[in-house]
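*Asks:* Below are the structure tokens for one structure; questions will follow.
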Amino acid sequence: MQNNKEWQAAFSVIAQLEEAGFEAVVVGGAVRDALLGRPVHDVDVATNALPEEVKTVFKRTVDIGIQHGTVLVIMPAAPVEVTTYRTDGEYTDHRRPEAVHFVRSLKEDLQRRDFTMNAIAMRRDGSLVDYYGGQPDIETGIIRAVGEAQVRFAEDALRMLRAVRFSAQLGFSIEETTLRAMQHKAADIAWIAKERLKAELDKLWVGKDVYNGIKKLQESDLDVYLTGEFHAENWRGFCVQNKLYGWAYFAFMQGQNWQDVLRCYRLSNKEMAFVKSVLAAFKALRSGWTNMDYYTYMEEELEAALYFANFTQLDVPWPQYSIQEAQAKLPIRQRQEIVVNGMDLLKWSGQMRGPWVREALQAMLEAVVSGELQNERQQIKDWIEHKYMHKG
Ligand code: ATP
Ligand code: MG
């Protein structure tokens, strides 16, 4: 597990820093996930070397957050984020410290981290540095604040939603004092930028135990201060890999004003469009999908709708074919494939331009997609003449 590119790169960064006389360790999510046997992507390194010192040790570096002490070291295998041990200065906005202070002690650096499971360091030889009891908490599946929970949530309210998100990702429970502190500080979540809330929810939706996460959201009272309705019962057994399926199902739970709710979380136009299509495809499924539905919606949108139908045990006419097959069978997949255009219609009809052209083109498209009309010039011409030119 620790022999993938990211770990190798991180360990050679540590080796080079040690050779230069500094101390360095792997910290945070990578150590936690390694202990849990979960796949690890970002292997972050912490060191007592100051950013400028880090930059003298490595040939290729990029300043990605130098004011917070982070330098990206470009290694042949993978880039590695190296952050100087630091403590956070005073918090005045419930989110970001005014300033950070670089320190030379790992213990202090680990103390600023949010949860015990995220405050474990791993040395190059694989041994662990665990001052706050992270290992036993990981073994028993507990999310516990480092230090005084209320103080930690008062400093940075996002941590509360991180706790909820981790409970969904890992299926962990939240230790009692930590949960009570969340209840006390829940209202502070309103201070957090919507983009940050979205980033946590993005991860929550694809967690292995979303139900657990939403339950914790309710138990902590955070749901009261977040936009939208969260009912844990509706999420029992929900399990998806695409965050947009989560947003679409969340939207479905909101009823009529789902667009206002989702806009609060700053979904992009593209994401909103996806959700809208999923909801429409889901609605269409109640009477069974037509060729036009297979034509209109993307495979993932239909797949999401099908998942919802299954998940909510809706009694729908189940499609005969797989979505891929049904789409492959369509007479055309794109408007441009139609062999007749608006100019043809004007020429054939001898009529003036007008809204009728657009209507006729749409009707023609639907007829071709449904298989009622062949995508062939003479046939389309006859069809148009019959439908639009004998009316008078
Ligand atoms: P993920 O798997 O989502 O990346 P992570 O634990 O690695 O989870 P990051 O946001 O990448 O989360 O942060 C890396 C580490 O930095 C965390 O493990 C934690 O030690 C610390 N950290 C991150 N955010 C906070 C915070 N808001 N307050 C305190 N410590 C934090
Ligand atoms: Mg991380």
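The values are calculated or read from the model by the stated rules, or taken from the named source; none is laboratory data. Bear in mind the structure is a predicted one, so any value in this text is a computation, not a measurement. For neighbour counting, all protein chains shown are included, and Cβ atoms are generated from backbone atoms with ideal geometry for every residue, glycine included. Heavy atoms of the whole protein, side chains included, go into the accessibility calculation; ligands, DNA and RNA do not. Shrake-Rupley method; radii C 1.70, N 1.55, O 1.52, S 1.80 Å.
*Asks:* So, taking all protein chains as they sit and a 1.4 Å probe, how much accessible area belongs to Asp209, in Å² rounded to tens?
*Replies:* 50 Å²
*Asks:* Which sequence of Thr83, Thr92 reflects their accessible areas, 1.4 Å probe, from the largest down?
*Replies:* Correct descending sequence by accessible area is Thr92, Thr83.
*Asks:* With respect to the cross-link table entries Lys198/Lys329; Lys203/Lys276; Lys283/Lys329; Lys329/Lys387, which display a Cα-Cα separation exceeding 31 Å?
*Replies:* Lys198/Lys329
*Asks:* Could you give me the ³J(HN,Hα) list for the stretch 364-374, computed from phi with Karplus coefficients 6.51, -1.76, 1.60 and θ = phi - 60°, whole Hz, x at Gly and Pro?
*Replies:* 5, 4, 5, 5, 5, 4, 6, x, 6, 10, 7
*Asks:* May I ask for the Rg/Rh ratio of the stretch 141-239, computed from Cα atoms with Rh as the Kirkwood radius, given to two decimals?
*Replies:* So for the stretch 141-239, dividing Rg by the Kirkwood Rh gives 0.93.
*Asks:* With the calculation restricted to Cα positions, what are the radius of gyration and Dmax of the stretch 240-329 in angstrom?
*Replies:* 12.9, 40
*Asks:* Got a number for the accessible area of His231? Probe 1.4 Å, square angstrom, nearest 10.
*Replies:* Result for His231: roughly 90 Å² accessible.
*Asks:* Determine which aspartates and glutamates satisfy two conditions relative to Lys347: a Cα distance under 15 Å, and not lying fewer than 8 residues away in the same chain.
*Replies:* Partners within reach: Asp382, Glu385.
*Asks:* Further question on the same structure: So what does Thr140 come to for accessible area, using a 1.4 Å probe and Å² rounded to 10?
*Replies:* Surface open to solvent at Thr140 totals about 100 Å².
*Asks:* Using a cut-off of 17 Å between alpha-carbon atoms, which aspartates and glutamates can reach Lys243, once sequence neighbours fewer than 8 places away in the same chain are excluded?
*Replies:* Qualifying aspartates and glutamates at Cα under 17 Å: Glu195, Glu200, Asp202, Asp209, Glu271, Glu299, Glu300, Glu301, Glu303.
*Asks:* Additional query: With a ≥ b ≥ c the root eigenvalues of the C-alpha gyration tensor of the chain, is it rounded (a/c under 1.5), prolate (a/b larger than b/c) or oblate?
*Replies:* Judged from the Cα gyration tensor, the chain comes out prolate (a/c at least 1.5, a/b above b/c).
*Asks:* Using +1 on the beta carbon of Lys and Arg, -1 on that of Asp and Glu, and nothing else charged, what's the dipole of the chain about the Cα centre, debye to 20?
*Replies:* 960 debye
*Asks:* Given contacts defined as C-alpha pairs under 8 Å and at least six residues apart, what's the relative contact order of the chain, whole-number percent? Walk me through the intermediate numbers first.
*Replies:* Details: 630 pairs, mean separation 33.1, N = 392.
Here the relative contact order equals 8 percent.
*Asks:* When every alpha-carbon pair in the stretch 1-133 is counted, what percent end up more than 18 Å apart?
*Replies:* Looking at the stretch 1-133, the distances longer than 18 Å represent 51 percent of pairs.
*Asks:* Can you tell me the Rg and Dmax of the stretch 335-388, counting just the alpha carbons, in angstroms?
*Replies:* Both quantities, over Cα of the stretch 335-388: 10.1, 29 Å.
*Asks:* Let me ask something else about it. Report, in deg cm²/dmol and to the nearest 500, the calculated mean residue ellipticity at 222 nm for the chain, where each DSSP H run with n ≥ 4 adds -39500 (n - 2.57) and the sum is divided by the residue count.
*Replies:* Details: 20 runs with 192 residues, N = 392.
So the calculated ellipticity at 222 nm is -14000 deg cm²/dmol.
*Asks:* Provide the per-residue ³J(HN,Hα) series for the stretch 379-384, in order, calculated from phi with Karplus coefficients 6.51, -1.76, 1.60 and θ = phi - 60°, each as a whole number of Hz, with x at glycine and proline positions.
*Replies:* For the stretch 379-384, the Karplus curve yields 4, 5, 4, 4, 4, 5 Hz.
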